[in-house]
Protein chains: 2
Amino acid sequence: PRKFKMKVEKIFKNIKQIGEDDPRKFWHAFKVGIALTLVSMFYYSRPMYQSFDEQTMWIVLTVLVAFEFTAGATISKSMNREFGTALAGAFGLGAKYLAELSGKEGPDPIILGILIFIVGTLGTFTRFYPHIKKKYDYGTVIFVLTFSLVVVSSYRIEDILQFAQRRITTILIGVSTVMVISMVVHPVWAGEDLVKLVSVNLEKLANSLEGFGSEYFNDSGIKSVRGNKNNVEEFLKSLLSVLGSKANEESLANFAGWEPPHGPFKLEHPWKEYLKIGDLVRKCACHLLVLNGNLNSKSKEPTEFERRTEEACKRMITESSKALKELALSIKTMTQPFSSIIHISNAKNIIDDLKHTLGTSETFFQHDESCVMDFIPVASVMSLLITINECVDEISK
Amino acid sequence: PRKFKMKVEKIFKNIKQIGEDDPRKFWHAFKVGIALTLVSMFYYSRPMYQSFDEQTMWIVLTVLVAFEFTAGATISKSMNREFGTALAGAFGLGAKYLAELSGKEGPDPIILGILIFIVGTLGTFTRFYPHIKKKYDYGTVIFVLTFSLVVVSSYRIEDILQFAQRRITTILIGVSTVMVISMVVHPVWAGEDLVKLVSVNLEKLANSLEGFGSEYFNDSGIKSVRGNKNNVEEFLKSLLSVLGSKANEESLANFAGWEPPHGPFKLEHPWKEYLKIGDLVRKCACHLLVLNGNLNSKSKEPTEFERRTEEACKRMITESSKALKELALSIKTMTQPFSSIIHISNAKNIIDDLKHTLGTSETFFQHDESCVMDFIPVASVMSLLITINECVDEISK
């Protein structure tokens, strides 16, 4: 029993953690509950729906299946569901008349079976088609599903036209309930999440660059981060999380395209630009990861060369991380980045100076070299970031 | 009309491409078609099912929703669906009796509404809980769904016990059809896909390492790859695809855990080890990506230092890529890697030699340094790979 109690306590702690991390999750659960209750109340109160009990249950099903966390995902699923159903209803009616051509009373079950097989196979294969997989995957499933249902029941139910009509109406009710609730009550916009994700990733880069600096030079002057082993592992983790964010970014950008204009986002917001920035951010994270690998190989006592380059490296880190933070902020607020250009050019100047120093100095050690060399690609990636970011801001304005 | 024709031709070309890339996709579509037709035939032929027309349609729905590409995913969804339904049926009955306690004839709609709200909210929130999200996400949706349906219909349908029973039976029929077909007809095992993915990623690393070598040293002796710009971009692409494979690997490993033992895979195959290898592979890809960034900064004419280290670098590349290929093969065939250890130790020897040379040589240029330095982490990652791979092989044997 004590073990059980501990487990329950752990679960509650986890739940609290989830809620603190993202209170919108509580809201989402609440919204789903509301939508479900509304829909089932509708079922209880309307006597006119007595005639098609089973059909009304489809509303409940629609609400549960179509209600996703972000508004964009919900709209995408709802639209897919509604249009898939409507299209399949029309096709199903056609299939029924085709099967009735044989002349016997009622449709021919063999022809119906063949039709189901063809639609099932083609529909499933269509889902592998990249463009459809990305945007209309769910609609295709619903199409095959509804088509089969209409065709199967056409064998038994007489008034198939009314059946299809009702199905489309019920799903429309479910879908509009879901869409309205997800957009009105504490909406979670995929677009906002995407912007936040990209800018948080940029911040993570800046932080781990700073962390590397304070760790490598045993210097807490760059930032008031206590340099210890845990810290390094944390930075590694955050870099790896940046690297693994591609799939998440892509689905958010996809859903963001479904969302109506809201807040600062216009209808034709360039969501794809964020993906490009994301790719560059991941490349940059790669460089930082390699840079972090140098931490262990640092020699104990600083050599002449190290002493000579330390100052420049530190300044480079400070300028670069400032530029990254500036970029993160400008993406978040969707303004033109101002001072980041200055920081970047500062960093570039330092690199040029450093190269000059290196060219004249005779004694230098391989180790620091690689460290400096690693900085150059980082800086170049950042300058790329800048240019792309500028164009994004121009478009988003 | 000509434009339309071209579009149609393009679509057909794409379809052919999909089929050539992975003929299993054709098979999958075929399997879904077969399952659908079987189930609907079942509906036409059995007169005993006349009594619950609507219920039988749930079989069709189950088939379409639960049939996934890999066997593991199908089994996972089927199990989730069946257990979710069964559990929800039991809870739904309980809810009905609770609502009937009020004493009036029939259950109290307000109590039912409150219950639906509670279950809907709690159920949705549970889906955010990491452990459940990973394995039982779909089961939770089905639970909430079935619970709501049972509760809603309990208000109208008298014999709710029979209703729930039939629902569980129909879904059981659908689920078993799907599971049998997905495991018997041309099965696509998630486990095999996972192994293939990891080993292909290793091969990609080896190829791009070789590609880098032949490009950097303008030498086609390492491999008969024609060094041109397209080639480099291709390697970059394959490295980026390795970096982005994390989500895919994780879902495959998750589904692989649901699959019954088959072929060389025992019941307790260490799928998680593959994820660890995958993480290391991605780290290695990071290093290679940075290495590739050095291609552009190469100076035109070789310096004294470059000439002196070229041979060693080339040998290092050859040994490393051989080791990687060996590892890829050993993962694919699930045998102990033999010669890869030799290759690794060869590479290590070369590195030691090189370090020694560098220590004594006076004139060397920063550029090559960084190249050599980048090799060291690659080699260290590979030695890590080796150790982990050995342990995997020991377990999988």
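Figures for the structure shown
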{"item": "Label distances, nm, B:LYS135 versus same residue in remaining copies, Cβ-directed 7 Å point", "result": "3.9"}
{"item": "Neighbour-count order for B:ASP279, B:ASP159, fewest beta carbons within 10 angstrom listed first", "result": "B:ASP159, B:ASP279"}
{"item": "Charge dipole magnitude, Cβ of K and R +1, D and E -1 - segment A:160-212, Cα centre, debye nearest 20", "result": "440"}
{"item": "Residue-by-residue Karplus 3J(HN,Hα) for segment B:89-98, coefficients 6.51, -1.76, 1.60, Hz, glycine and proline x", "result": "x, 4, 4, x, 4, x, 4, 5, 5, 4"}
{"item": "Averaged over A:17-28, number of beta-carbon atoms from partner chains that fall within 10 Å", "result": "2"}
{"item": "Length gained when the stretch A:PHE4-A:ASP22 is fully extended (0.36 nm per residue, less Cα-Cα span)", "result": "3.8 nm"}
{"item": "Positive minus negative residues near B:SER245 (Lys, Arg vs Asp, Glu; Cβ under 12 Å)", "result": "+1"}
{"item": "Cα-projected label distance for B:LYS13 with B:ASP159, points at 7 Å along beta-carbon direction, nm", "result": "6.1"}
{"item": "Calculated label separations, A:LYS196, copies of the chain, 7 Å along the beta-carbon direction, nm", "result": "3.9"}
{"item": "Label distances, nm, B:ILE114 versus same residue in remaining copies, Cβ-directed 7 Å point", "result": "5.9"}
{"item": "Note, ³J(HN,Hα) from phi for segment B:159-164, Karplus 6.51, -1.76, 1.60, rounded to Hz, x at Gly and Pro", "result": "8, 5, 4, 5, 4, 5"}
{"item": "Formal net charge of residues neighbouring B:GLY139 (Cβ-Cβ distance under 15 Å; K, R +1; D, E -1)", "result": "+3"}
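Laboratory data are not the source of any read-out in this text; all were calculated from the coordinates shown. Just so we're clear, the structure is a prediction, and the values are computed from it rather than from any experiment. We place every Cβ from the backbone using ideal geometry, glycine too, and count neighbours over all the protein chains shown.
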